[in-house]
1. Quick one: which strands (runs of 3 or more DSSP E) sit completely within segment 1-60 and have at least 1 residues that are among the aliphatic types (A, V, I, L, M), more than 20 Å from ASP88 (Cα to Cα) and in contact (Cβ under 8 Å) with a residue 40 or more places away in the chain?
2. Filter segment 106-139 for residues that are over 22 Å from PHE36 (Cα atoms) and in contact (Cβ under 8 Å) with a residue 12 or more places away in the chain and give the result.
3. May I ask you to list the residues in segment 52-70 that are of a type outside the set (A, V, I, L, M), surrounded by fewer than 18 Cβ atoms within 10 Å (Cβ to Cβ) and on the phi < 0 side of the Ramachandran plot?
4. Can we say ALA100 is at pLDDT 95 or above, loosely packed, with under 12 Cβ neighbours inside 10 Å, touching a strand residue (DSSP E or B) at 6+ places or on another chain (Cβ under 8 Å) and among the hydrophobic types (A, V, I, L, M, F, W, C)?
5. Kindly establish whether SER108 is out of contact with any strand residue (DSSP E or B) (no Cβ under 6 Å at 6 or more places or on another chain) and polar (S, T, N, Q).
6. Would you please name the residue that is surrounded by the fewest Cβ atoms within 10 Å (Cβ to Cβ), looking only at residues in segment 117-142 that are outside any helix (DSSP H, G or I) and either modelled with pLDDT of 95 or more or not small (Gly, Ala, Ser) (or both)?
7. What are the residues in segment 61-81 that are free of Cβ contacts under 8 Å to residues at least 40 places away in the same chain and hydroxyl-bearing (Ser, Thr, Tyr), if any?
8. Considering only residues that are within 16 Å of ARG129 (Cα to Cα) and out of contact with any Ser or Thr (no Cβ under 7 Å at 6 or more places or on another chain), which ones fall in segment 1-21?
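The values are calculated or read from the model by the stated rules, or taken from the named source; none is laboratory data. These numbers come from a predicted model, not from an experiment. A quick note on method: Cβ atoms are made from the backbone with ideal geometry, for glycine too, and the neighbour counts reach across all protein chains shown.
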Amino acid sequence: MLELTEEALVAASVDAVWADLTESERLAAWIWPPNFETTAVVELLELGRWQVRSESAGLAIEAAVLTYDAPESLRLAWRWAGEEHSTDVEFTLARAAGGATRVVVRHSGFLSADDRASHVEGWSHCLQRLVDRYGGAPGEHL
């Protein structure tokens, strides 16, 4: 099985980024591009739903919360709607200098190199939107 790790430095507190991952409206605001008209449902409990949907783009993630340790880690059983195979996504948040947060996404269980590559690109774009949500990476806006 193949895996990937992507990370970003976000100019926001760990608590703010945790809310961006675990509150439905906040998650929907950044995870996909604005024109996707994204909706999300987050039930922060063991085996609770962590779902993201875009009717306009025809995409949906139907994940389940496996474990969480607020506000530092969230692990999901990740599955695209209509697919049988699920993968494992773990978000880890760590305090960084200047009140920033280091966000690490580890995504494992890919069946092919092509599937892994498409997710590397996807996570890179998602994390960039999270960075942009707070005005860019720490120090960029000085």
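1. 2-10
2. ARG106, HIS107, SER108, GLY109, PHE110, LEU111, SER112, ALA113, ARG116, ALA137, PRO138, GLY139
3. Answer for segment 52-70, where residues must be of a type outside the set (A, V, I, L, M), surrounded by fewer than 18 Cβ atoms within 10 Å (Cβ to Cβ) and on the phi < 0 side of the Ramachandran plot: GLU55, SER56, THR67, ASP69.
4. Against the criterion (at pLDDT 95 or above, loosely packed, with under 12 Cβ neighbours inside 10 Å, touching a strand residue (DSSP E or B) at 6+ places or on another chain (Cβ under 8 Å) and among the hydrophobic types (A, V, I, L, M, F, W, C)), ALA100 does not qualify.
5. no
6. Only one residue tops the list, namely LEU142.
7. Once the filter is applied, which keeps residues that are free of Cβ contacts under 8 Å to residues at least 40 places away in the same chain and hydroxyl-bearing (Ser, Thr, Tyr), segment 61-81 yields THR67, SER73.
8. GLU7, ALA8, LEU9, ALA11, ALA16, TRP18, ALA19, ASP20, LEU21, listed by residue number.
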